[in-house]
């Protein structure tokens, strides 16, 4: 390990992906992958798709820009493990429309956020929560809630996390 770095950088990784590549275990992995392709323009790494004899996926990969998400079907005796994802996109309205058209629920509507960003959150039909960020150059930072600004960003995630799903 060079420079006493515990985690490896991309140029030292012998497989695909980056330093960290999340897995999700979902019921209906192929449908989840189609959703990600249709909503976020993700692309399957087709050469690694590995179905079991029953047709369930034991390994699959989706490329989102320069990142990978690894996808597995729930196997007998397993439970689902949805994820929480931050994703950077160029058109928040298109992504949210596509997601809702495919059964997702908006948790946080597009809201000005710090650093000239717009933030939205959406829960997909598999229980994954997506933090969707779009750069919004020139947009002023909103006033913090404790200074009388909107509470949308914090209230909506708090309500979502406290709700029974």
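Key figures
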read-out: The range 88-133, residues that are at positive phi and touching a helix residue (DSSP H, G or I) at 6+ places or on another chain (Cβ under 9 Å); value: 103
read-out: Among the residues listed as 108, 152, 94, the single one being closer than 26 Å to residue 71 by Cβ and in contact with a strand residue (DSSP E or B) (Cβ under 6 Å, 6 or more places away or on another chain); value: 108
read-out: Selection count, the range 9-38, where residues are modelled with pLDDT of 80 or more and either assigned by TED's automatic domain parsing to the domain that holds residue 98 or in a helix (DSSP H, G or I) (or both); value: 10
read-out: Exclusive hit being assigned by TED's automatic domain parsing to the domain that holds residue 119 and under 18 Å from residue 125 (Cβ atoms), set 95, 69, 74; value: 95
read-out: Which listed residue, of 57, 62, is crowded, with 16+ Cβ neighbours inside 10 Å, assigned by TED's automatic domain parsing to the domain that holds residue 43 and farther than 15 Å from residue 40 by Cα; value: 57
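The values are calculated or read from the model by the stated rules, or taken from the named source; none is laboratory data. Quantities reported herein were computed from a predicted structural model and do not represent experimental measurements. Cβ sites come from the backbone with ideal geometry, for glycine too, and all protein chains shown count toward neighbours.
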